[in-house]
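**Q** There's a structure below that I have some questions on.
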Amino acid sequence: MASSSSYLPATTDSIAQALEAKTPSESISILYRVLENPSSSSEALRIKEQAISNLSDLLRQENRAEDLRNLLTQLRPFFNLIPKAKTAKIVRGIIDAVTKIPGTSADLQISLCKEMVEWTRAEKRTFLRQRVEARLAALLMENKEYSEALSLLSGLVKEVRRLDDKLLLVDIDLLESKLHFSLRNLPKAKAALTAARTAANAIYVPPAQQGTIDLQSGILHAEEKDYKTAYSYFFEAFEAFNALEEPRAVFSLKYMLLCKIMVNQADDVAGVISSKAGLQYVGPELDAMKAVADAHSKRSLKLFETALSDFKAQLEEDPIVHRHLSSLYDTLLEQNLCRLIEPFSRVEIAHIAELIELPVDHVEKKLSQMILDKKFAGTLDQGAGCLIIFDDPKTDAIYPATLETISNIGKVVDSLYVRSAKIMA
């Protein structure tokens with residue numbers, strides 16, 4: 001541990017002395033010296049637990065992630081003196097503290113979790129190992145190491161199901177759902193979420209966990225274009241996170257606004273933002289959605305692109321929002337192009353590009369895609385740089401009418417056959 005002249009007695013006075021110290025580094029030094037005390041009486045152990053809690057808080061505030069990592073290694077002999085449940089609480093608390101330090105590299109967190117997994121396996125502390133492995137899988141997923149995270153989770157799920165640890169099972173199933181969603185495997189993501197809901201129904205689930213389940217449900221429903229159901233799930237998640245004052249509340253609110261835009265209710269966005277709950281979270285996340293809503297209401301691609309460039313971090317770097325906005329942008333572009341080409345039978349592509357204020361190659365590519373998708377009848381004359389629009393061919397009504405007549409005659413013949421069969425019988 002930190003070098004010091006001698007250890008301090010494990011008493012409340014020593015804890016008070018650390019709290020009264022003038023600088024954080026002085027407090028940290030005092031707490032290290034308390035932990036060096038060799039006494040293992042129940043009172044000394046209780047004081048040391050308090051010292052560990054205070055020390056991890058101070059190291060987190062001072063952004064000393066490496067010291068927190070070393071603290072976990074140094075405390076291993078102490079863990080043999082206290083109950084396993086308390087050890088689990090301390091270990092998870094210190095791992096959480098490392099995670100909360102801004103700028104901590106994912107590699108440091110992953111290596112810390114791997115060290116703890118090895119130690120728990122050697123010490124046969126199954127309960128703690130499973131929880132640290134779940135945390136490790138989450139970190140691997142955030143670090144985009146999907147295959148390693150998936151192999152770790154698949155083994156962990158089987159083990160936890162066998163032990164019937166419902167609370168941990170909810171965590172793991174949720175994690176598995178997020179992982180499959182990241183890999184674009186929607187059926188497996190839904191199956192894992194259903195398993196998480198089933199496990200959650202059998203036990204009391206903390207509000208934060210329930211909020212996470214609702215948030216994931218909303219994301220999956222939005223992916224299936226069921227925006228109304230997604231909105232209700234995001235609303236449930238927002239209420240849970242808002243009550244807990246969790247930072248994820250603003251993302252739930254952001255996704256609620258996204259659903260409003262996607263179902264052509266962009267005018268409601270301003271109302272949701274100016275509501276009592278919405279005003280608490282005014283900031284770049286909501287400003288970004290408001291800019292998109294304004295662009296959508298005005299059917300303006302120019303405003304849409306301005307919003308995307310002004311709020312790049314909030315829109316393009318959020319994979320969930322980005323995926324839906326790209327489809328919204330395509331729809332908006334198609335609507336604008338259809339409106340512009342409507343008066344013409346032959347028009348230069350450059351003229352259309354000028355009207356819509358987009359690059360010529362971008363417009364040409366989109367028009368060819370729309371022709372292939374049968375959004376309108378036409379062809380591109382690339383030699384002349386023109387778009388030729390054909391009149392919609394009028395469908396001849398005689399063919400459907402003839403088919404209907406033949407179908408009706410068939411029914412008459414069938415009924416006559418049934419009657420004659422009865423008479424003959």
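The values are calculated or read from the model by the stated rules, or taken from the named source; none is laboratory data. Since we're looking at a predicted model, the values are computed, not measured. All Cβ positions, even for glycine, are placed from backbone atoms using ideal geometry, and neighbour counts span all protein chains on display. In case anyone asks, the SASA skips ligands and DNA or RNA and just uses the protein heavy atoms, side chains included. Shrake-Rupley method; radii C 1.70, N 1.55, O 1.52, S 1.80 Å.
**Q** Kindly list, by first and then second residue, each pair from a residue in segment 24-50 that is at negative phi to a residue that is among the hydroxyl-bearing types (Ser, Thr, Tyr) and open to solvent by 50 Å² or more (accessible area, probe 1.4 Å), limited to pairs with Cβ atoms under 6 Å and residues at least 6 apart or on different chains.
**A** Cβ pairs passing all conditions: Arg33/Tyr7; Glu36/Tyr7; Asn37/Tyr7.
**Q** Of the numbered conditions (1) modelled with pLDDT of 90 or more; (2) open to solvent by less than 60 Å² (accessible area, probe 1.4 Å); (3) farther than 25 Å from Lys84 by Cβ, Asn143 satisfies every one except a single condition; which is it?
**A** (1)
**Q** Please go through segment 332-345 and give me each residue that is out of contact with any helix residue (DSSP H, G or I) (no Cβ under 7 Å at 6 or more places or on another chain) and surrounded by 12 or more Cβ atoms within 10 Å (Cβ to Cβ), ordered by number.
**A** Gln335, Cys338, Arg339, Phe344, listed by residue number.
**Q** Please indicate, with yes or no, whether at least one residue in segment 1-18 is of a type in the set (A, V, I, L, M) and open to solvent by 40 Å² or more (accessible area, probe 1.4 Å).
**A** yes
**Q** While we're looking at this one, here's another question. Counting residues that are crowded, with 20+ Cβ neighbours inside 10 Å, of a type in the set (A, V, I, L, M, F, W, C) and touching a residue at least 12 places away in the same chain (Cβ under 8 Å), which helices (runs of 4 or more DSSP H) fully inside segment 169-279 reach at least 1?
**A** 186-201, 207-223, 227-244, 249-262, 268-273
**Q** Answer yes or no: is there a residue in segment 31-38 that is more than 18 Å from Lys89 (Cα to Cα), part of a loop (DSSP other than H, G, I, E, B) and out of contact with any helix residue (DSSP H, G or I) (no Cβ under 8 Å at 6 or more places or on another chain).
**A** The initial filter retains those residues of segment 31-38 that are more than 18 Å from Lys89 (Cα to Cα), namely 31-34, 36-38.
If we keep only those that are part of a loop (DSSP other than H, G, I, E, B) too, we end up with 36-38.
Applying the additional criterion that residues be out of contact with any helix residue (DSSP H, G or I) (no Cβ under 8 Å at 6 or more places or on another chain) yields 36, 38.
Looking for residues that are more than 18 Å from Lys89 (Cα to Cα), part of a loop (DSSP other than H, G, I, E, B) and out of contact with any helix residue (DSSP H, G or I) (no Cβ under 8 Å at 6 or more places or on another chain), one finds at least one in segment 31-38, hence yes.
**Q** I need a count of the residues in segment 282-318 that are touching a residue at least 12 places away in the same chain (Cβ under 8 Å) and assigned to a helix (DSSP H, G or I).
**A** Of the residues in that region, 25 qualify.
**Q** Would you check if there is a residue in segment 7-14 being over 26 Å from Val98 (Cβ atoms) and of a type in the set (S, T, N, Q)?
**A** yes
**Q** In segment 81-112, how many residues are open to solvent by 30 Å² or more (accessible area, probe 1.4 Å) and within 26 Å of the chain's Cα centre (by Cα)? It would help to see each step written out before you state the result.
**A** Quick first cut of segment 81-112, residues open to solvent by 30 Å² or more (accessible area, probe 1.4 Å) only: 81, 83-86, 89, 92-93, 96, 99-100, 102-103, 105-107, 111.
Retained after the next criterion (residues that are within 26 Å of the chain's Cα centre (by Cα)): 92-93, 96, 99-100, 102-103, 105-107, 111.
Qualifying residue count, segment 81-112: 11.
**Q** Could you identify the single residue in Arg129, Arg162 that is surrounded by fewer than 20 Cβ atoms within 10 Å (Cβ to Cβ) and over 14 Å from Leu193 (Cα atoms)?
**A** Values: Arg129 fails: surrounded by fewer than 20 Cβ atoms within 10 Å (Cβ to Cβ).
After ruling out the rest, the residue left standing is Arg162.
**Q** State which residue pairs qualify: first residue within 30 Å of Ser345 (Cα to Cα) and inside segment 393-415, second residue modelled with pLDDT under 90 in any location, beta carbons under 9 Å apart, and separation of 6 or more residues or different chains.
**A** Hits for this filter: Pro393/Ala377.
**Q** Something else about it: Using the structure shown, decide if Ser40 is under 29 Å from Glu133 (Cα atoms) and among the polar types (S, T, N, Q).
**A** Judged against the criteria, Ser40 is not a match.
**Q** When Tyr417 is evaluated against the numbered criteria (1) more than 30 Å from Ala222 (Cα to Cα); (2) open to solvent by 50 Å² or more (accessible area, probe 1.4 Å); (3) at pLDDT below 85; (4) not hydrophobic (A, V, I, L, M, F, W, C), which criterion, by number, is the only one it fails?
**A** So Tyr417 meets the others, but not (3).
**Q** Please go through segment 346-384 and give me each residue that is in contact (Cβ under 8 Å) with a residue 40 or more places away in the chain, exposed (fewer than 15 other Cβ atoms within 10 Å of the Cβ) and in a strand (DSSP E or B), ordered by number.
**A** If the condition is that a residue be in contact (Cβ under 8 Å) with a residue 40 or more places away in the chain, exposed (fewer than 15 other Cβ atoms within 10 Å of the Cβ) and in a strand (DSSP E or B), then Arg346 is the only one that fits.
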